[in-house]
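Heads up, the thing below is written out as structure tokens.
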Ligand SMILES: [Zn+2]
């Protein structure tokens with residue numbers, strides 16, 4: 001059934017697990033999410049990022065198709081816009097029936113991020129939609145900056161959540177967008193401090209390549225959702241590349257498509273295990 005992430009995050013925090021969110025980009029990746037979550041009877045967040053719109057699917061197509069499929073499931077499914085950059089795109093997603101949106105003002109100064117997030121929260125809450133915000137920019141692998149400088153400040157995160165009334169908050173504790181290059185240094189002490197101080201559930205971006213032990217600890221020590229887009233996409237491509245060059249295999253669209261769908265499903269199953277996700 002189509003729901004917001006409110007209850008799944010409350011249960012995740014109380015039950016020390018996280019819900020995976022890998023981002024869908026097309027029909028196959030959307031269906032892979034729904035098939036695995038239905039099979040295992042686990043909650044799922046089906047998210048599409050603004051940056052990935054129109055590669056294979058528009059926001060409108062994504063909304064109609066995802067809603068239609070999510071309504072047919074028995075397990076809880078949240079339809080989420082990932083990394084919305086403006087009030088307008090968040091409003092559009094909300095009006096189309098998304099149950100959750102992320103407004104990413106993390107690159108803006110604190111006050112501007114607060115104002116932008118507040119405007120989205122106000123509109124979303126009127127419609128029963130939840131809002132994820134971000135503070136403390138999650139680095140990309142192109143950043144060469146000192147990770148200590150980009151860890152989310154506890155005081156700022158607390159003030160931000162209180163002022164904006166956001167429903168969940170993406171924090172920076174050492175992961176990076178894309179595949180992590182080098183040894184990931186996750187600041188668990190900061191995670192514990194943030195969990196203690198911030199009044200809403202915390203979520204983690206840039207989970208891909210951050211190490212199984214790190215991700216399991218994040219999921220069981222206070223993070224309610226982990227984004228793993230890059231790992232998921234690699235899992236879709238890897239089995240296709242591994243197909244042997246036999247006529248009946250690689251020349252066959254069905255074989256290629258099924259190999260990538262199976263790869264995506266395997267990745268999600270792995271994430272569910274790693275994040276210790278439980279039925280709700
Ligand atoms: Zn992200």
inquiry  = Being within 16 Å of the ligand (Cβ to nearest atom) and either surrounded by 22 or more Cβ atoms within 10 Å (Cβ to Cβ) or modelled with pLDDT of 95 or more (or both) is the requirement here; does residue 114 meet it?
reply    = no
inquiry  = For segment 102-116, check the following and say yes or no: at least one residue is part of a helix (DSSP H, G or I), touching a helix residue (DSSP H, G or I) at 6+ places or on another chain (Cβ under 8 Å) and under 21 Å from residue 21 (Cα atoms).
reply    = no
key: Which numbered condition residue 206 misses (of (1) under 17 Å from the mean Cα position of the chain (by Cα); (2) not in a loop (DSSP other than H, G, I, E, B))   = (2)
ask   = Limited to segment 209-227, what total is found for residues that are over 17 Å from the mean Cα position of the chain (by Cα) and under 19 Å from residue 6 (Cα atoms)?
value = 1
task = Sort out which residues of segment 70-92 are part of a helix (DSSP H, G or I) and at pLDDT 95 or above, and write them in order of number.
result = 70, 87, 88, 89, 90, 91, 92
Residues of segment 163-185 classified as away from the ligand (no atom under 16 Å from the Cβ) and at pLDDT 80 or above, total = 5
ask   = Could you count how many residues in segment 1-21 are under 15 Å from the mean Cα position of the chain (by Cα) and either assigned to a helix (DSSP H, G or I) or at pLDDT below 95 (or both)?
value = 4
request  = Out of 92, 67, report the one residue that is in contact (Cβ under 8 Å) with a residue 40 or more places away in the chain and more than 25 Å from residue 263 (Cβ to Cβ).
outcome  = 67
message = I'd like to check something: does segment 212-225 contain any residue that is within 16 Å of the ligand (Cβ to nearest atom), surrounded by fewer than 23 Cβ atoms within 10 Å (Cβ to Cβ) and modelled with pLDDT under 95?
response = no
ask   = What pairs can you find where one residue is in segment 99-127 and closer than 17 Å to residue 51 by Cβ, the other is modelled with pLDDT under 95 and in a helix (DSSP H, G or I), and their Cβ atoms are less than 9 Å apart, with a gap of 6+ or different chains?
value = none
inquiry  = Give me the residue from segment 117-136 that is in contact with a strand residue (DSSP E or B) (Cβ under 6 Å, 6 or more places away or on another chain) and assigned to a helix (DSSP H, G or I) and, out of that set, nearest to residue 78 (Cα to Cα).
reply    = 124
ask   = Say we look at segment 31-45 and pick out the residues that are in contact with a helix residue (DSSP H, G or I) (Cβ under 7 Å, 6 or more places away or on another chain) and farther than 23 Å from residue 256 by Cβ; which of these is surrounded by the fewest Cβ atoms within 10 Å (Cβ to Cβ)?
value = 40
message = Can you tell me which condition residue 60 does not meet? The list is (1) part of a helix (DSSP H, G or I); (2) within 16 Å of the ligand (Cβ to nearest atom), and all the others hold.
response = (2)
request  = Run residue 160 past the list (1) crowded, with 19+ Cβ neighbours inside 10 Å; (2) under 23 Å from residue 216 (Cα atoms); (3) away from the ligand (no atom under 16 Å from the Cβ) and report the number of the one that doesn't hold.
outcome  = (2)
query = Residue check, residue 11 against (1) buried (at least 17 other Cβ atoms within 10 Å of the Cβ); (2) farther than 23 Å from residue 124 by Cα, all met but one. Which one?
reply = (2)
key: Which listed residue is touching a helix residue (DSSP H, G or I) at 6+ places or on another chain (Cβ under 6 Å) and modelled with pLDDT of 95 or more, from 28, 61, 95   = 28
inquiry  = Of everything in segment 117-133, what is within 13 Å of the ligand (Cβ to nearest atom) and in contact with a helix residue (DSSP H, G or I) (Cβ under 8 Å, 6 or more places away or on another chain)? Give them in sequence order.
reply    = 133
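The values are calculated or read from the model by the stated rules, or taken from the named source; none is laboratory data. Keep in mind that this is a model prediction, so the values were computed, not measured. Cβ: placed from backbone, ideal geometry, glycine included. Neighbour counts: every protein chain shown.
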